[in-house]
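The values are calculated or read from the model by the stated rules, or taken from the named source; none is laboratory data. Computed from a prediction, not measured in an experiment: that's the story for all the values here. Counting neighbours? That spans all protein chains shown, and the Cβs are built from the backbone with ideal geometry, glycine included. The area values use the complete protein model at the heavy-atom level, side chains included, leaving out ligands, DNA and RNA. Shrake-Rupley method; radii C 1.70, N 1.55, O 1.52, S 1.80 Å.
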Amino acid sequence: KQWYQRRVAITAGGTKVMVKMKNLLNGNTWLWERGKFMNRRYLMQDMYQRNLDGDETLKDMPEDQDPFWDPPCEVLIGTSSAFLQALGYGIDMDDPILITDYKGEDQGQMFVNISPCDEEGKCMGEEYFVEDSNELLGKPYHYKVTMKSCEIRDSRFNVGSFIKYKIDGDEEYTVTPTVNQSLAPEFNHSRVVKIDKVTQETLEFFENSCITFLLYGCQEDRESDVKLIKLTTKELRQREETTGNMKTNALTRQLTKNTVDESAALKTEILVLKRRNDILAKKEKRIQGIVTAWGKKPPEEQQFEPYHRAISAAAFNTGTMLRSAATVITQVIKAQKLVGAMTGVDGEAPIVSKAAGSKACVMM
């Protein structure tokens, strides 16, 4: 048969060698494991020998006996990795992520949302924020994975597509419904992941791991172009290689799997920093509003002037972090309590012991 080519391919994990078979007439592909390929190889050798011997029955060989034939099946289009670092800070992730095949080539985009939620799956919202991920230790934690949609480049997979994924601890894959007749399938699939108690291992999983989504496409036996049927296997392969080179040259560069993963991880880290900065800016603005409103009150209603000055300094100094501001506030409150303890009931000035000959002064 001159309609197929065989090619050795390595899966995304880099640990399992597969054999890729492609129908050069309609573009359908299959990935064979080693055992299946070795079995087919012996049948191919037998077919070749029979052809050399002039066996005319090969022309009418049934499909189920043809070693080059397989029924159409689902095939892995590519994978996308969603890194979970944002979950450690209570921040949701809602950015498109790249879909790449085992060679690192761009196959489309996947739109996924991963956000903290309550036990019922209600998202916590933008106001929810964890400044230090260690604050989550020992507490229950829930997050929601929502598969929105995809954009698929290859028109062959217009037949149908679905997504499979595993989360840490899963034995079986979670599979979305198959969406047919679309290159922009909307899956509208969601799943709530419940963690009874956050441990250090959970935080390390958030910090260093990801969820890998596998996008599969359905195939069908389509009628081949009459012009292609007249070509030999050699001519079909030359045509395939020419077309492949043109597609490769059209891309700005071919991405490797490691490059894509590193880019996604950096993007997630930038997202976390940006969201943390936005939330801190909102908190700072709220403190500024409180300080401004307090400053407009009549003098007789104003109290704790040192507290007011400390809050003002913390709120309007753009280089001061909230943790530093909290430290200053705590110190001021302690000072106020000390002043209160040293002040009489009638509100008289505090009694200050003064060493003989001392020139120290007390600033109020």
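Side notes on the structure shown:
- Candidate set from the stretch 96-129 (those that are modelled with pLDDT under 85 and under 21 Å from Val272 (Cα atoms)); member that is least open to solvent (accessible area, probe 1.4 Å): Phe129
Each row is one residue, and each column tells you yes or no for (1) at positive phi; (2) in contact with a Leu (Cβ under 7 Å, 6 or more places away or on another chain); (3) aromatic (Phe, Trp, Tyr).
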{"site": "Pro140", "(1), (2), (3)": "no, no, no"}
{"site": "Lys148", "(1), (2), (3)": "no, no, no"}
{"site": "Gly169", "(1), (2), (3)": "yes, no, no"}
{"site": "Val198", "(1), (2), (3)": "no, yes, no"}
{"site": "Glu201", "(1), (2), (3)": "no, no, no"}
{"site": "Lys230", "(1), (2), (3)": "no, no, no"}
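- Residue tally, condition aromatic (Phe, Trp, Tyr) and under 25 Å from Thr212 (Cβ atoms), over the stretch 104-161: 4
- Hey, Asp60 open to solvent by 50 Å² or more (accessible area, probe 1.4 Å) and in contact (Cβ under 8 Å) with a residue 60 or more places away in the chain or not: no
- Inside the stretch 170-190, residues that are within 18 Å of the chain's Cα centre (by Cα), within 19 Å of Asn158 (Cα to Cα), open to solvent by less than 100 Å² (accessible area, probe 1.4 Å) and free of Cβ contacts under 8 Å to residues at least 40 places away in the same chain make up a count of 2.
- Within the stretch 21-46, residues that are open to solvent by 50 Å² or more (accessible area, probe 1.4 Å) sit with their Cβ atoms under 8 Å from residues that are of a type in the set (Gly, Ala, Ser) and not in a helix (DSSP H, G or I), at 6+ positions apart or across chains, in these pairs: Leu31/Ala9.
A quick yes/no check of all residues on (1) closer than 25 Å to Val145 by Cα; (2) in contact with a His (Cβ under 9 Å, 6 or more places away or on another chain):
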residue: Leu183; (1), (2): yes, no
residue: Glu186; (1), (2): yes, no
residue: Val193; (1), (2): yes, yes
residue: Val198; (1), (2): yes, no
residue: Glu201; (1), (2): yes, no
residue: Glu207; (1), (2): yes, no
residue: Leu214; (1), (2): yes, no
residue: Lys227; (1), (2): no, no
residue: Gln238; (1), (2): no, no
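- With a requirement of 3 or more residues that are of a type outside the set (Val, Ile, Thr), the strands (runs of 3 or more DSSP E) lying completely within the stretch 33-131 that satisfy it span 75-83, 106-117.
- Test result for Met93, over 30 Å from Asn26 (Cα atoms), among the aliphatic types (A, V, I, L, M) and surrounded by fewer than 21 Cβ atoms within 10 Å (Cβ to Cβ): no
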